[in-house]
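> Next up is a structure, given as structure tokens.
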Amino acid sequence: MKCSHATKLLSEAEERQLTGRERLRLRFHVFVCTACRRFKKQLGLLRLLLTEASPKILAAVYASDATLSASRRQEIKALLRRAAEES
Amino acid sequence: MASTQTKEQIQSQDPAEWVDLYGDMLLRYALSRMRDRDLAEDLVQETFLVAWKNRKEFAGRSRFSTWLVAILRNKVADHFRREGRRKSSSLDESEGEPESEPLFSKWGKWKRSPKSWSASPAELVENREFWVVVAGCLGDMPAHLAYVLRLREFKSAKTKDICSLLEISSSNVSVRLHRARLLLRRCLEEKWFS
């Protein structure tokens, strides 16, 4: 089994039940391949961390200093004023 | 003050004032979903226009800002749905996407073998800088991949629900998730774990 295939199966294992043959070949590959063993462990860590991601990322991003560009701000205001006048 | 405006205040307000009150907040929300700033600003603009058109529907039960974010969230989902359909019709994703720097050699071996990560999950979760890096990595990968990963991992959406939301096949979802995980892993290794 190639590493590219092994990583695909490791990832797919989170979406579907692997077949017996797939599991067996994967287990053997992971046993002999340090890189894929690390990948497997990292996949588990990412999965664990990402369940917490939504509020954490939002908090980090809301704390950022991103602001609407001045030109866009004017453009949106103009569009809204026009819409308000039309109604 | 802005967050506790009543229905009547909102409906009689000059909508241009909304832009100063809520524009930056909405932009930051959009940027937490996508890296492309022009696109984020486009979606914020559409959000305000939809909000104006539907202002009578704002019942005042939630904060006005929450109501605006709900509109924006729908706009983001619409965008990725359109984008995803375009991608899956223009590319055979089972072949993967052409990549500037492939992760595996043509013999299927890692080009750069994963390194060992020393990490305490509990500490990472509480580290704001780590999440800024995660957000950056998600922003750097193709947006339709990041979006599927968000749905699956952040919200624990079922694969079949993602299929129907994005109108793509389950193998398509698996391929996207796999690509997204590989890219996120590599990005975090470069930007955080090295």
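> Excluding residues fewer than 8 places away in the same chain, name every one of the aspartates and glutamates whose C-alpha is closer than 20 Å to that of A:K77.
A:K77 reaches A:E85, A:E86, B:D14, B:E17, B:D20, B:D24, B:D38, B:E41, B:D42, B:E46.
> For chain B, restrict the atom set to alpha-carbon positions and state the Rg and Dmax in Å.
19.8, 66
> While we're on this one: Determine the alpha carbon to alpha carbon distance for each of A:K40/B:K115; B:K115/B:K160; A:K8/B:K115 and list only those over 23 Å.
In this structure, B:K115/B:K160 exceed 23 Å between Cα atoms.
> What whole-number distance in Å separates the alpha-carbon centres of the stretch A:21-87 and the stretch B:104-132?
Their Cα centres are 15 Å away from one another.
> What are the aspartates and glutamates whose alpha-carbon lies under 19 Å from the alpha-carbon of A:K41, with same-chain residues fewer than 8 places away excluded?
Candidates past the 8-residue exclusion: A:E12, A:E14, A:E15, A:E22, A:E52, B:E123, B:E153, B:E189, B:E190.
> Starting with the fewest neighbours, write out B:C163, A:C36, A:C3 ranked by other beta-carbon atoms found within 10 Å of each beta-carbon.
In increasing order of surrounding Cβ atoms, one gets B:C163, A:C3, A:C36.
> As I understand it, the value is the acute angle between the Cα axis of helix B:170-191 and the longest principal axis of the Cα atoms of chain B; what does it come to in degrees, rounded to 10?
Value to nearest ten degrees: 80.
> Still on this structure, please answer the following. What base-10 log of the normalised intensity I(q)/I(0) is obtained for the protein assembly as shown from the Debye formula, alpha carbons as equal point scatterers, at q = 0.10 Å⁻¹?
-0.61
> In units of 2.2 N^0.38 Å, what is the alpha-carbon radius of gyration of the stretch B:103-191?
With N residues counted in the stretch B:103-191, Rg over 2.2 N^0.38 Å equals 1.20.
> Would you mind checking the tilt of helix B:15-31 against the longest principal axis of the Cα atoms of chain B, expressed as 0 to 90 degrees and rounded to 10?
Helix B:15-31 sits roughly 10 degrees off the main axis of chain B.
> Ratio of alpha-carbon Rg to the 2.2 N^0.38 Å globular estimate for the stretch A:3-86, to two decimals, please.
After normalising by residue count via 2.2 N^0.38 Å, the value is 2.01.
Throughout, read-outs are computed from the coordinates displayed, never taken from laboratory work. Small disclaimer: the values here were computed from a predicted structure and weren't measured. Virtual Cβ from ideal backbone geometry, glycine too; neighbours counted across all protein chains shown.
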